[in-house]
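To keep things clear, I will list the structure first and then write my remarks on it.
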Amino acid sequence: VLMAIATLTAWTAAYAQTTIRVGSSGQVDQRTRVAVPPFAVSDPALSNLARELADVIGFDLEFSALFNVIAPAEYPPAFTVLDPDVTKVDLNLWRGAKAQQFVYGFIRQEGADFVGQFRVFDLFSGQQIVGQELRVEKSRPRLAAHRFSEEIIRFTDGIPGCGTSEVVFSAGKTGNKEIYISDYDGANVQQVTKHNNISIKPKISPDGTKIAYLSYKDRFPFLYVYDRRTGKSTPVSQESGLNATPAWSPDGSKLAMVLSRDGNMEIYVRNADGRNPVRLTKNRFMDTSPMWSPDGGQIAFVSDRGGSPQIYVMPSSGGEGVRLTNQGGNSYDPAWSPDGKKIAFVVEQRGQGFQIWWMNADGSGAAPLTGSGINEGPTWSPDNRAIMYSADHLLWSVDVKFGTVRKLTRANLSCEGPSWGPRRK
């Protein structure tokens, strides 16, 4: 189990910022320039691991859109390796590289654990501003780096990063798709289900311990919940007709879903164990893709009651829906941001294919985040800074600050339907 065993120091001086112009718009980039060279080690056999953990922290910092990690080509010419004695690190060298912060790490092995001592120095003042010593099982070394990156980001603007979070998704070939889970950055892919059938549309629970999904493993499209602690899948909805698009309530006690047992697609809510189904929508139109607001008070969903599929919102107890989308074209797949302020969704427009858009939770300010193509299944990072989606059978992310798009799929898998989970504790 990963745990922080010491917080070394914290210092709250203001940082000098380097102004950089990026993109065709000439936008001013206020990101902090940071150096994250390969870490020091107690044993040369750990050198590859130390390099990997530095890369993990560097990726996490860049991903947050708060940092600009300098490339190795920008390192001081005199730099070779970091000294295990942090007092011997020459910070003046790194000031010359025009970095503003410097991340130092020292990796050692203790029995069945790896221990990482991590520090961040402000190069303007020469003071350490963040520090942690983290212990992790040998099988999960990257988690230590992800944990420290979250702390760096939390120190910078008050909200931790998403380094320790995971994502669930479906992957496979036609006629055989299974549920998988990986770190948010695409590392450590693990197959969850082994049904040898079609299992899709996974949704990870708010506490990260369960996965709701649709599967044809028992011939018909039923909904199941996989318990990560026991490794067992349990059916939660086996109504006649379609059982689809599960969505967890914020406290994990209920699931919203779509059932067609009434002759058309309607939204229901039932307990997470499958009991007590309650119908929320009651009309002759298609209602689908429910998604709870983070405060649990509302459910966003898709309906064609206005003539074309659009995003609506209604009280989580049911009632008339209010239409949110009016930008033209069809709208699908609403996804609330964790802070409840935004909704990401998919827009289908002639000549543009399927794009990821976002809007304020009241429907105002709608704008595209991705270019044309077939982009589907948006899901938010737990820090509200990025949206993951599937395109070209791969998983991608777009940060909402700069619009930077990154490919996150690493394994040789055909992926779709991501669901971004919480940070791990």
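Evaluating Ala361 against the criteria (1) touching a residue at least 60 places away in the same chain (Cβ under 8 Å); (2) farther than 20 Å from Ala386 by Cβ leaves one unmet condition, (2).
In the set Ser199, Ser205, Ser249, only one residue is under 24 Å from the mean Cα position of the chain (by Cα) and within 14 Å of Glu178 (Cα to Cα); that residue is Ser199. Among the residues of the stretch 385-403, which ones are over 17 Å from Ser199 (Cα atoms) and open to solvent by 50 Å² or more (accessible area, probe 1.4 Å)? The answer is Asp392, Trp396, Lys401, Phe402.
Condition check ((1) open to solvent by 10 Å² or more (accessible area, probe 1.4 Å); (2) closer than 27 Å to Val103 by Cα; (3) free of Cβ contacts under 8 Å to residues at least 24 places away in the same chain) across all residues:
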{"residue": "Ala144", "(1), (2), (3)": "no, yes, no"}
{"residue": "Arg154", "(1), (2), (3)": "yes, yes, yes"}
{"residue": "Asp157", "(1), (2), (3)": "yes, yes, no"}
{"residue": "Pro160", "(1), (2), (3)": "yes, yes, no"}
{"residue": "Ile179", "(1), (2), (3)": "no, no, no"}
{"residue": "Val192", "(1), (2), (3)": "yes, no, no"}
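The requirement of being open to solvent by 20 Å² or more (accessible area, probe 1.4 Å), assigned to a strand (DSSP E or B) and farther than 20 Å from Ser205 by Cα is satisfied by Phe354. So is Arg33 open to solvent by 30 Å² or more (accessible area, probe 1.4 Å), part of a strand (DSSP E or B) and out of contact with any Lys or Arg (no Cβ under 6 Å at 6 or more places or on another chain) or not? Taking the combined requirement at face value, the residue does not satisfy it. When Gly163 is tested against (1) more than 20 Å from Met291 (Cα to Cα); (2) touching a strand residue (DSSP E or B) at 6+ places or on another chain (Cβ under 9 Å); (3) modelled with pLDDT under 95, only condition (3) is not met. How many residues are in contact with a Cys (Cβ under 6 Å, 6 or more places away or on another chain) and open to solvent by 60 Å² or more (accessible area, probe 1.4 Å) if we restrict to the stretch 357-381? Matching residues across the stretch 357-381 total 0.
Note on the stretch 173-214: residues that are in a loop (DSSP other than H, G, I, E, B), small (Gly, Ala, Ser) and either farther than 16 Å from Cys415 by Cα or at pLDDT below 95 (or both) total 3.
With respect to the conditions (1) within 19 Å of Ile204 (Cβ to Cβ); (2) open to solvent by 50 Å² or more (accessible area, probe 1.4 Å); (3) within 22 Å of the chain's Cα centre (by Cα), Ser289 falls short on a single one, namely (2).
State yes or no: is Phe59 under 30 Å from Asn384 (Cα atoms), surrounded by 15 or more Cβ atoms within 10 Å (Cβ to Cβ), of a type in the set (Phe, Trp, Tyr) and more than 26 Å from the chain's Cα centre (by Cα)? For Phe59, the condition - under 30 Å from Asn384 (Cα atoms), surrounded by 15 or more Cβ atoms within 10 Å (Cβ to Cβ), of a type in the set (Phe, Trp, Tyr) and more than 26 Å from the chain's Cα centre (by Cα) - is not met.
Apart from one condition, Val167 fits all of (1) within 23 Å of Leu66 (Cα to Cα); (2) in a strand (DSSP E or B); (3) in contact with a helix residue (DSSP H, G or I) (Cβ under 7 Å, 6 or more places away or on another chain); the exception is (3). Among residues of the stretch 74-98 that are exposed (fewer than 14 other Cβ atoms within 10 Å of the Cβ), those with a Cβ under 7 angstrom from a residue that is assigned to a helix (DSSP H, G or I), sequence gap 6+ or separate chain, pair up as Ala78/Leu93.
The values are calculated or read from the model by the stated rules, or taken from the named source; none is laboratory data. From a predicted model like this one, the values you see are computed outputs, not experimental measurements. As a convention, Cβ positions derive from the backbone with ideal geometry for all residues, glycine included, and neighbour counts pool all protein chains shown. Calculation scope for accessible area: heavy atoms of the full protein, side chains included, ligands and nucleic acids excluded. Shrake-Rupley method; radii C 1.70, N 1.55, O 1.52, S 1.80 Å.
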